[in-house]
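Notes follow once the structure below has been shown.
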Amino acid sequence: MEASPLKVDDASAHWQDILRSGAEAVAVPLLAILAALVVFGIFVTLAGVNPFDTYQLMYAGAFGSWFSWQNTLTRAAPLILTALCCALPAQLGMVVIGGEGALVLGGLAAAAIAATMPDAAPLVVQIAMIIAAMIAGAAWIALAGGLRHWRGVNETISSLLLVYIAIAVFNHLVEGALRDPASLNKPSTPHIGDANMLTAIPGTDIHWGLAYGVIACVLAYILIYRTTFGFGMRVAGGNVKAARMVGLPVGKLVLVACGLAGACAGLAGMVEVAAVHGKANASLVVGYGYTGILVAFLARHNPLAIIPVAILLGGIGASGGLLQRRLGLPDATVLVLQGMIFIAILTSEVLYGRIPWLKRRPA
Amino acid sequence: MTGDLLGWWGVPLAVLAGAIRVSTPFLFVSLGECITEKSGRINLGLEGTLVMGAMSGYAISYLTGSPWLGVLAAGCAGAVFGILHAAICSLPRVNDIAVGIALMLFGIGLAFFLGKPFIQPQAPNLPSIPFGNWSDNAQVRDSLRINALFLIGVVLAPLLLWAFRNTRWGLIVRTVGDSADAALALGYAINRVRMFSTAAGGFLAGIGGSFLSLSYPGSWSEGLSSGQGITAVALVIFARWNPMLCFWASLLFGGAAALGPALQSVGITSGYYLFNAAPYALTLLIMILTCSRDRTLAGAPGELGVTR
């Protein structure tokens, strides 16, 4: 006969549950990644490359040395921020995939504002760039949120359409009004000036953008799990009708969440401009916004989990060049792996609550 | 060649010709997505399917020398992606929009990976039918060279409309899409119907992709589709899940996409990039005008998550 529920120590059962769900939250994605790696191994084998060589090289390119670690962390910085662009609206049950557009416009706004203040102190320029980038990004994603709220336009589709519009606006301005006449083959905005560049964290080659990302994640975590606003977001994400009935300002929640999300992606654009390129040009449009979606889903939209996941995917991205040089694999190889991981993660959704040794015992 | 320079009259002509030329991928993807959405599921992965279809169509056309085999291969590749989407979505608690995004990224990555060797070589293209040979104006003749695939799409749209309304299969798909409970009560296997619908949708989207690489612009490159697939998905909402309206909407979008190049050809180059955004801006505008928070869209399948 089973133990009566009355005899269970409530406190210890509570902790066991937390432990179990914690173990599950780690075990299920790991299983999914493992499955994706196996499928990817078969895939490269079919492409005529030894899978073990591939994995070894990927590890070396991503985490094998201090040099590759720095490379990985530098790539992780924009991914953390664009992942937040997907994760914040996700608390409200919204699937926003337009981070790329906010990133591109944020980077452009940062470069444009820096061009208007040639004589200002570097710190002032930096702050102006951050503010401009965040406003540009926030406006872009808040637009998608507002359309959802007021007009019922699906935010997934509208945010993706806005990416293409953002890139067109970007090209229009970079080729036209904001173009540096000296940039011939590859149109760019004027260089923001060496003094205004985002510097490296002392003792490393990693720029401060990584710190921006980590701070943003911590703030987002506090917002979501430790404030009334965040609680409201999660209630509305669980059931919008219930949220309306208890009087939550759903429209404000949607707009603010989307605005903050866009601000994060805009900041990612500023980081890329101010730390890597020094100007806004087509190098900004490399798909960080799309990889960010994958990071957010992998982290199950938890801001703190975004940091390690972004580092993992930044590493996969960083190893792409090495795979191309040493094994002759196309540069899209890492896209294939990322796609496989994404599919495996979504499929693994099914495993939650079903792994026998992590299953909650009936009380 | 007296009338070679039509001047400003060239703009509407070029827009019309562009509408016919550019609309074909929109048409096929939206008809495919129409079938999928009628069954109650949305497949955002069709952007990836389109790129995958463009790549596989081009590759097979190059390897076999037959563009029509390429079209078939593109359709099959699309169907495989559709089946993948349907299979993953049939699992409990899996969100079809998220799976669509994943398959979009995967499809684009896979197409770039496998398509790398086909960027340089020239594959045989699909034939065009010269409807404009009566004219001695080169521009008119050029504009009226209509691709055979477009004509197939023109036939397909009313055929689908008829099939949805009048055939047993059309009724089953609509029942499953409108009310899964009702379909269950009638004894239909919901997941199987959605599997066929998504596979058919993927097949058509793959064919739409093959048009890009085999007819216009007519070669395979990594920048081939910039959002045409996703625009077509949005277009289905605008077209109220009606295949005939999908056809007219595709023409409209094709025309919008052709506006920038048409204006450039008469010397208006400022704002070229903004005109490139015209189809996306148009889609967004139309969605804003036609969607509403308070009522379900007329004609929307009841089980479709995207409108709830």
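From the set of residues in the range B:213-243 that are in a helix (DSSP H, G or I) and farther than 25 Å from B:Leu161 by Cβ, which is farthest from the other protein chains (Cβ to nearest Cβ)? Across the range B:213-243, the extreme among qualifying residues is B:Leu214.
Residue-by-condition table, conditions (1) part of a helix (DSSP H, G or I); (2) within 14 Å of chain B (Cβ to nearest Cβ):
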| position | (1), (2) |
| --- | --- |
| A:Ile157 | yes, yes |
| A:His191 | no, no |
| A:Asp205 | no, no |
| A:Val214 | yes, no |
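A:Asp180 meets all of the listed conditions (1) in a helix (DSSP H, G or I); (2) open to solvent by 20 Å² or more (accessible area, probe 1.4 Å); (3) under 20 Å from A:Ala114 (Cβ atoms) but one, namely (1).
Annotation: of all residues in the range A:323-338 being in contact with a helix residue (DSSP H, G or I) (Cβ under 8 Å, 6 or more places away or on another chain) and away from chain B (no Cβ under 12 Å), the one that is least open to solvent (accessible area, probe 1.4 Å) is A:Leu327.
Here A:Leu351 fulfils each of the conditions (1) closer than 19 Å to B:Leu84 by Cβ; (2) more than 17 Å from the chain's Cα centre (by Cα); (3) facing chain B (nearest Cβ under 8 Å); (4) open to solvent by 10 Å² or more (accessible area, probe 1.4 Å) apart from (3). In this structure, does A:Asp53 turn out to be touching a residue at least 24 places away in the same chain (Cβ under 8 Å), of a type in the set (D, E, K, R) and open to solvent by 10 Å² or more (accessible area, probe 1.4 Å)? Yes: the conditions hold for A:Asp53.
In summary, A:Ile113 fulfils each of the numbered conditions (1) away from every other protein chain (no Cβ under 14 Å); (2) touching a residue at least 60 places away in the same chain (Cβ under 8 Å); (3) surrounded by 19 or more Cβ atoms within 10 Å (Cβ to Cβ); (4) part of a helix (DSSP H, G or I) with the single exception of condition (2). Go through the range A:240-263 and give me each residue that's open to solvent by 20 Å² or more (accessible area, probe 1.4 Å) and part of a helix (DSSP H, G or I). Across the range A:240-263, the qualifying residues are A:Val240, A:Lys241, A:Ala242, A:Arg244, A:Met245, A:Lys252, A:Leu255, A:Val256, A:Leu260. Within the range A:93-110, the only residue that satisfies the criterion of being open to solvent by 10 Å² or more (accessible area, probe 1.4 Å) and away from chain B (no Cβ under 14 Å) is A:Ala109. Pick from the range B:253-275 the residues that are under 19 Å from A:Ser158 (Cα atoms) and open to solvent by 60 Å² or more (accessible area, probe 1.4 Å): which of them is farthest from the other protein chains (Cβ to nearest Cβ)? This residue is B:Phe275. Against the numbered list (1) open to solvent by less than 20 Å² (accessible area, probe 1.4 Å); (2) within 14 Å of chain A (Cβ to nearest Cβ); (3) part of a helix (DSSP H, G or I), B:Ala87 comes up short only at (1). State whether the residues of the range A:302-322 include one that is assigned to a loop (DSSP other than H, G, I, E, B) and within 14 Å of another protein chain (Cβ to nearest Cβ). No, the range A:302-322 has no match at all. Restricting attention to the range A:277-312 and to residues that are touching a residue at least 40 places away in the same chain (Cβ under 8 Å) and of a type in the set (Val, Ile, Thr), the residue that is most open to solvent (accessible area, probe 1.4 Å) turns out to be A:Val285. Of the candidates A:Val218, A:Val235, A:Val169, the single residue that is at the interface with chain B (Cβ under 10 Å from one of its Cβ atoms), in contact with a helix residue (DSSP H, G or I) (Cβ under 9 Å, 6 or more places away or on another chain), touching a residue at least 12 places away in the same chain (Cβ under 8 Å) and assigned to a helix (DSSP H, G or I) is A:Val169.
Does the range A:129-151 contain any residue that is surrounded by fewer than 21 Cβ atoms within 10 Å (Cβ to Cβ) and over 18 Å from B:Leu285 (Cβ atoms)? Checked the range A:129-151: at least one residue is surrounded by fewer than 21 Cβ atoms within 10 Å (Cβ to Cβ) and over 18 Å from B:Leu285 (Cβ atoms).
Apart from one condition, B:Gly57 fits all of (1) under 13 Å from B:Thr231 (Cα atoms); (2) touching a Ser or Thr at 6+ places or on another chain (Cβ under 8 Å); the exception is (1).
With respect to (1) within 14 Å of chain A (Cβ to nearest Cβ); (2) closer than 21 Å to B:Gly208 by Cβ; (3) free of Cβ contacts under 8 Å to residues at least 40 places away in the same chain, the lone exception for B:Arg93 is condition (2). One residue alone among B:Gly78, B:Gly70 is farther than 30 Å from A:Leu298 by Cα, touching a Leu at 6+ places or on another chain (Cβ under 9 Å) and either touching a residue at least 40 places away in the same chain (Cβ under 8 Å) or in a strand (DSSP E or B) (or both), and that residue is B:Gly70. The number of residues in the range B:177-189 being in a helix (DSSP H, G or I) and either in contact with a Phe, Trp or Tyr (Cβ under 6 Å, 6 or more places away or on another chain) or without any contact (Cβ under 8 Å) to a residue 12 or more places away in the chain (or both) comes to 5. Within the span defined as the range B:33-40, one or more residues are part of a helix (DSSP H, G or I), open to solvent by 10 Å² or more (accessible area, probe 1.4 Å) and away from chain A (no Cβ under 14 Å). I need a count of the residues in the range B:246-304 that are polar (S, T, N, Q), part of a loop (DSSP other than H, G, I, E, B) and under 23 Å from A:Trp150 (Cα atoms). The total comes to 2.
The values are calculated or read from the model by the stated rules, or taken from the named source; none is laboratory data. Just so we're clear, the structure is a prediction, and the values are computed from it rather than from any experiment. In this analysis, Cβ positions are derived from the backbone assuming ideal geometry, glycine residues included, and neighbour counts consider all displayed protein chains. SASA here: full protein model, heavy atoms, side chains in, ligands and nucleic acids out. Shrake-Rupley method; radii C 1.70, N 1.55, O 1.52, S 1.80 Å.
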